1. Whole angstrom only: what separates the Cα centroid of the range B:49-67 from the Cα centroid of the range A:63-124?
2. Can you list the copy-to-copy distances for residue B:42, using a point 7 angstrom from Cα toward Cβ, in nanometres, shortest first?
3. Report the calculated FRET efficiency for residue B:78 and residue A:8 (r = Cβ-Cβ distance, R0 = 41 Å), to the nearest 0.05.
4. Could you work out which residue, out of A:93, A:78, A:37, moves most in a Gaussian network model of chain A, that is, has the largest mean-square fluctuation with Cα springs under 10 Å?
5. Along Cα-to-Cβ, 7 Å out, sits the label point; list in nm, shortest first, how far the one on residue A:100 is from those in the other copies.
6. Relative to the other copies, what are the label-point distances for residue B:118, with labels 7 Å from Cα along the C-beta vector, expressed in nm at one decimal and sorted shortest first?
7. Considering the rotation that carries chain B onto chain A, locate the chain B residue whose Cβ comes closest to its axis and report the distance in whole Å.
8. Comparing A:87, A:43, A:55, which has the greatest mean-square fluctuation in the GNM of chain A with Cα pairs linked when under 10 Å apart?
DNA sequence: CAGAATCCCATCTGATACTG
DNA sequence: CAGTATCAGATGGGATTCTG
């Protein structure tokens, strides 16, 4: 076991941290965790605002990292399902904690922003 | 209490989630949580690789969101200290969980990437 | 349906230089 | 020391078009 330190420049764990914390990855993993296996279009609808490009791109990265499993069914029209791997499952709790934090504290943050803006208005 | 849902487009909690999960914010909050009050240059050294610009920029955003408190001491040369607010403290646990996850599972992810790359080599 | 491919703009991010 | 200002490259992300 080496010493991986995300506070060190260029450490792979830092990149991984960026990746799993990225805009769409957080939401994608969250959705897959909540609903289980999910199709491309379903996922797209649930993540309101995601483009096909980012959906595909993020899903690929997650697949490559071993967090998501992609299963193609030989049907016409094609059907593809995405689901969390066991490794991906281990990310559910920490990610959910973060998501819940943002929901629970958004109002405090909104207030803090107002205060800050008033406080720094005009003068810097 | 309204219903804030980060899965909805344009919801402030989604933006907040992006912000607290961003590259430098995660590490900055982590460091401030570990060491307590910290000066600009100290912080810069601990977050190996961060530029002055990103340090300032991220710190400002965190300050505006009410997560970090900035204190200026009237000395020459100037001294400025940053520390977590009580709101910022509540983010420590979830963020640390995420950081620890990335450290604990980086090797599995690295292996998964190798397998993926081999599996998809040449043929798509 | 589930993408791949392409074009293009906006933002993010970093390196450099300058200042109170 | 703790920034600010500026420039430029990398990346994110959207719209559109096309395919098995």
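Readers should treat all values here as calculations from the given coordinates under stated rules, not as data from a laboratory. These figures come from a predicted structure and were not determined experimentally. Note that we place each Cβ from the backbone using ideal geometry, even for glycine, and neighbour counts take in every protein chain shown.
1. 21
2. The projected label point of residue B:42 is separated from its counterparts by 5.1 nm.
3. FRET efficiency, residue B:78 to residue A:8: 0.90.
4. A:78
5. So the distances to the same position in the other copies read 1.6 nm.
6. 6.2
7. Residue of B nearest the axis onto A, distance in Å: B:21, 2.
8. Looking only at A:87, A:43, A:55, the largest GNM fluctuation is found for A:87.
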